[in-house]
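The values are calculated or read from the model by the stated rules, or taken from the named source; none is laboratory data. Just so it is clear, the structure is predicted and the values come from calculations on it, not from any experiment. Heads up, the Cβs are rebuilt from the backbone with ideal geometry, glycines too, and the neighbour counts pull from every protein chain shown.
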Amino acid sequence: MKYWFGYLVAAIIGALTWVLQQFGARFSTLIDMVYPYVIRTLQGILAEWSGSVDFLLWQLLAVALAVVILASLVAVIAAKRSVISWGGWVLSALSFVYLLHTLVWGLNYHAGPLSDDIRMDVAQYTLEELVEATEYYRDRANVLSRQVKRDDKGYVDFPEFETMSSRAYMGYQRLVYDRSYPIFAGSALPVKRLGWADMYTSMGITGVTFGLTGEAAVNPQIPEVLLPFTMCHEMAHRMCIASERDANFAAFLACSVHPDLEFEYSAYFMAYRYCYNAIASVQTVAAVQAASDVAAGVEDDLYRDLVNYDNFFRTNKDEAATAIADSANDAYLRTSGETAGIASYSQVCDLLVNWHIQEVVLPSIAVEESRFDPYDETQVDISDIR
């Protein structure tokens, strides 16, 4: 029995984690009312603490944990102790870390959707509405693509990583004070460079946020046009917006109102990509024709950035490493309460289309409608009134 005691401890810790997850799913309203606000404050404290150093503390701790595990294995083998028993205690330690993560950040997956916090209705939409939204984002991206700074070869030339990171909070600041969205009143500290960037690039990973240390990090190797959007995406996670769909939409909102052109262009560039990919994924004659028509309206600068974006990930990703990373991420998201798994990233299109309808289409219709005047003979026939 003593050889299996570590596994028993791991099972007990795993059961506690499962109970927490079930509690979050069962009482999601209660979680939404209390948990994110408490944890957002905690994340701010942790971000201040971990922000005292430039490197990622969680990566240092991960290396330290790996060294301890390896050293303990060597010691167990040298002392001719049971490797089976050792494996149980390693599993229990890892289970405890995951339990802490669930307590400190993970239950955010059971909080309400971002659309409720910003008072936005999300409804089903037609292909025509999707196409109209995609054309809107494409046209805005076309305009901004001509305004951002470019190098001699025509590629975007954004400020260095630290400069953009230090200014990323400005979009969220506008959402809080100008739009009255308190959901975005989290830590405004800059995101960090993601260490071991080559490894993460090979797996197609653009950023990581680790709740136990309050650190939001972005892969510095990704295309420049994606950097501002990803910075705001990871900041959204640190603000306890756990859903990938909602974090993407938060990044769009923050970048779209940002005072810097680089952030605004990144917002509409990514919005166009998500919406266009949604059209392209529909295998009907109407959708195929719509995708072709929309793509035909892409101007040279935007087209160059789209091609550069696709080429980067196609040439730098390792298929085997990416498959492993995607499987692990999908399993983590589903276990945490994100039922759609990694497919949740692209679900931001639902929010983008509804945002376009409510913020662009409906206001324009309201402006076009003339105000009713009962004394205006062109609106009311008053000839028979005595």
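General observations
- Residue check, residue 108 at pLDDT 95 or above, farther than 30 Å from residue 10 by Cβ and surrounded by 16 or more Cβ atoms within 10 Å (Cβ to Cβ): no
- Lone unmet requirement of (1) in contact (Cβ under 8 Å) with a residue 40 or more places away in the chain; (2) among the charged types (D, E, K, R); (3) closer than 23 Å to residue 272 by Cβ for residue 192: (3)
- Selected residue (criterion: farthest from residue 98 (Cα to Cα)) from residues of the range 66-87 that are assigned to a helix (DSSP H, G or I) and either touching a Phe, Trp or Tyr at 6+ places or on another chain (Cβ under 6 Å) or touching a residue at least 12 places away in the same chain (Cβ under 8 Å) (or both): 76
- Of all residues in the range 132-140, none are outside any helix (DSSP H, G or I), surrounded by fewer than 19 Cβ atoms within 10 Å (Cβ to Cβ) and on the phi < 0 side of the Ramachandran plot.
- Evaluated against (1) outside any helix (DSSP H, G or I); (2) surrounded by 16 or more Cβ atoms within 10 Å (Cβ to Cβ); (3) not hydrophobic (A, V, I, L, M, F, W, C), residue 59 falls short on exactly one condition, (1).
- Residues of the range 163-207 classified as charged (D, E, K, R) and surrounded by 18 or more Cβ atoms within 10 Å (Cβ to Cβ), total: 3
- Residue 311 among the polar types (S, T, N, Q), surrounded by 13 or more Cβ atoms within 10 Å (Cβ to Cβ) and assigned by TED's automatic domain parsing to the domain that holds residue 149: no
- Of all residues in the range 141-183, those that are in a helix (DSSP H, G or I), of a type in the set (D, E, K, R) and under 27 Å from residue 117 (Cβ atoms) total 2.
- Residues (within 19 Å of residue 106 (Cβ to Cβ) and part of a helix (DSSP H, G or I)) located in the range 230-247: 233, 234, 235, 236, 237, 238, 244, 245, 246, 247
- Criterion applied to 212, 189, 227 was being under 16 Å from residue 252 (Cα atoms) and either part of a helix (DSSP H, G or I) or more than 16 Å from the chain's Cα centre (by Cα) (or both), and the one residue passing it is 227.
- Selected residue (only one of 41, 17 is of a type in the set (Ser, Thr, Tyr), within 22 Å of residue 210 (Cβ to Cβ) and surrounded by fewer than 16 Cβ atoms within 10 Å (Cβ to Cβ)): 41
- Filter result for residue 72 (among the hydroxyl-bearing types (Ser, Thr, Tyr), modelled with pLDDT of 95 or more and over 30 Å from residue 117 (Cβ atoms)): yes
- Close pairs (6 angstrom Cβ cut-off, 6 or more residues apart or separate chains): within 11 Å of residue 127 (Cα to Cα) in the range 275-296, outside any helix (DSSP H, G or I) anywhere: none
- Close contacts from the range 102-114, counting a first residue that is in a helix (DSSP H, G or I) and a second that is among the acidic types (Asp, Glu), with Cβ to Cβ under 7 Å and a gap of 6+ residues or different chains, come to 109/338; 114/246.
- Top-ranked residue of the range 192-209 - restricted to ones that are outside any loop (DSSP other than H, G, I, E, B) and over 13 Å from the mean Cα position of the chain (by Cα), ranked as nearest to residue 46 (Cα to Cα): 192
Conditions (1) outside the structural domain of residue 25 (by TED's automatic domain parsing); (2) of a type outside the set (Gly, Ala, Ser), marked per residue:
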residue	(1), (2)
55	no, yes
64	no, no
84	no, yes
97	no, yes
119	yes, yes
143	yes, yes
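- Flag set for residue 288, criterion: part of a helix (DSSP H, G or I) and farther than 16 Å from residue 136 by Cβ.
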